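Chemist: Before we start, here is the structure in question, set down as structure tokens.
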Amino acid sequence: MAITISGDSPNLTNASLTTPTLTSPTFAGTPSGSIITSMTAQASTSGTSIDFTSIPSWVKRITVLFNGVSTNGSSAFQVQIGAGSITSAGYLGKCVETTVSSGTGSTTYSAGYLVARSASASMVLYGKLEINLVSANIWLASGVSLSSATDNQFYFSGSLSLGGTLDRVRITTSGGTDTFDAGTINILYE
């Protein structure tokens, strides 16, 4: 038996169900409240970028998750978003790096949300970047990541005004040529 829940306030209090288990319910319309959807995790073991596309137009928050991600080079990790295509300019933000051995440094960026200020082939990244819709296609991002291979921790925040409705996220490096060689990346949206 399939059950479709639609509308902003479905009333199921008087519903009579003969089977108390719902299997694959269908939600119609624009959801209200919070429904967190996990896309399929991507192995970050090859290629120079990882894309997540077909993000629904109603999404207000995206969380990018990094689990043991590494590349073969020294370009910093970055996340880019887009509406129809990836936007690679116009970001306004800063990534701050703290280390036990060398103190603090920061980098301003404009080509993507920078999630690690520095990198090396031995760097293994863990962390998350949360991107939130403010209004009218303006997206604010913030997050934290760390490298298990070094003492590096990264704190970052930024903003971008897209020319349309966000429908994709790309994870790459600032140079765009380093190849992923370890870990997994996923996104959650709601």
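Chemist: Could you work out the local net charge near Ile81, counting Lys and Arg as +1, Asp and Glu as -1, over the other residues with Cβ closer than 10 Å to its Cβ?
Modeler: +1
Chemist: Ordering Val100, Val144, Val124 from largest to smallest accessible area (1.4 angstrom probe), what's the sequence?
Modeler: Descending order: Val100, Val144, Val124.
Chemist: Still on this structure, please answer the following. Taking 0.36 nm per residue of sequence separation and subtracting the Cα-Cα distance, how much length would be gained by fully extending the chain between Val96 and Ser161, in nm to one decimal?
Modeler: Fully extending the segment from Val96 to Ser161 adds 21.2 nm.
Chemist: Test of understanding: extend the Cα→C-beta vector of Ser88 to 7 Å, then name every residue of region 37-53 with backbone N under 13 Å from that spot.
Modeler: 48-49
Chemist: Next question. Thr177 to Ala43: FRET efficiency via 1/(1 + (r/R0)^6), r the Cβ-Cβ distance, R0 30 Å, to the nearest 0.05?
Modeler: So the FRET efficiency works out to roughly 0.95.
The values are calculated or read from the model by the stated rules, or taken from the named source; none is laboratory data. Just so you know, these numbers come straight off a predicted model, no measurement behind them. Reconstructed Cβ throughout: ideal geometry from the backbone, glycine too, with neighbour counts over all protein chains shown. Side chains included, ligands, DNA and RNA excluded: accessible areas come from the protein's heavy atoms. Shrake-Rupley method; radii C 1.70, N 1.55, O 1.52, S 1.80 Å.
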